[in-house]
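Please read the structure below before turning to the comments.
The values are calculated or read from the model by the stated rules, or taken from the named source; none is laboratory data. This structure is a prediction, so every number in the text was calculated from the model and none was measured. Reconstructed Cβ throughout: ideal geometry from the backbone, glycine too, with neighbour counts over all protein chains shown.
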């Protein structure tokens with residue numbers, strides 16, 4: 001899981017409660033786990049616990065990060081500022097552009113990946129933090145462990161997301 005930008009400055013301390021499955025219709029494996037990671041150093045170090053879903057993609061796609069515009073900015077800007085990426089907006093989708101922050105280095109590839117159908121799907125769903133490293137996705141909702149209902153919803157969401165990205 002450490003191949004993601006998110007974990008470059010946040011050491012993964014523990015991974016537990018791992019379950020997995022497959023989206024058979026698109027031959028994609030996934031797992032959900034509770035993780036513990038640190039941010040900061042010494043006296044200002046904070047420990048976070050969250051539930052994440054890891055999805056292994058069958059083919060390579062452009063790397064990107066998507067999250068709620070403004071909500072995680074303080075937390076994620078430290079990593080995102082290390083890259084020269086800007087928020088990618090879609091003029092034809094002002095709701096998406098004002099509510100979701102989409103960043104990545106390959107803007108042309110990302111715009112090709114984020115079809116009107118994918119943008120519409122993301123606009124109609126709860127907002128998740130989604131990061132793609134090119135060959136896998138990590139998805140999580142908040143910086144706390146998810147309950148059973150939230151995990152079921154995450155699996156449903158990710159199955160639909162994968163259909164838009166892979167098929």
Would you tally the residues in segment 4-18 being under 17 Å from residue 137 (Cβ atoms), in contact (Cβ under 8 Å) with a residue 40 or more places away in the chain and either over 18 Å from the mean Cα position of the chain (by Cα) or surrounded by 13 or more Cβ atoms within 10 Å (Cβ to Cβ) (or both)? 3
Scan segment 137-152 and tell me whether some residue there is out of contact with any strand residue (DSSP E or B) (no Cβ under 7 Å at 6 or more places or on another chain), modelled with pLDDT of 90 or more, in a helix (DSSP H, G or I) and under 23 Å from residue 63 (Cβ atoms). no
Being part of a loop (DSSP other than H, G, I, E, B), over 25 Å from residue 34 (Cβ atoms) and either at pLDDT 90 or above or out of contact with any helix residue (DSSP H, G or I) (no Cβ under 7 Å at 6 or more places or on another chain) (or both) is true for just one of 163, 83. Which residue is that? 83
State whether the residues of segment 68-77 include one that is touching a strand residue (DSSP E or B) at 6+ places or on another chain (Cβ under 8 Å), in a strand (DSSP E or B), modelled with pLDDT under 85 and closer than 16 Å to residue 128 by Cα. yes
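A quick yes/no check of all residues on (1) more than 10 Å from the chain's Cα centre (by Cα); (2) over 23 Å from residue 152 (Cβ atoms); (3) surrounded by 15 or more Cβ atoms within 10 Å (Cβ to Cβ):
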position: 112; (1), (2), (3): yes, yes, no
position: 115; (1), (2), (3): yes, yes, no
position: 122; (1), (2), (3): yes, no, yes
position: 126; (1), (2), (3): yes, no, no
position: 130; (1), (2), (3): no, no, yes
Identity of the residue in segment 109-122, assigned to a helix (DSSP H, G or I) and in contact with a strand residue (DSSP E or B) (Cβ under 8 Å, 6 or more places away or on another chain), that ends up farthest from residue 160 (Cα to Cα): 110
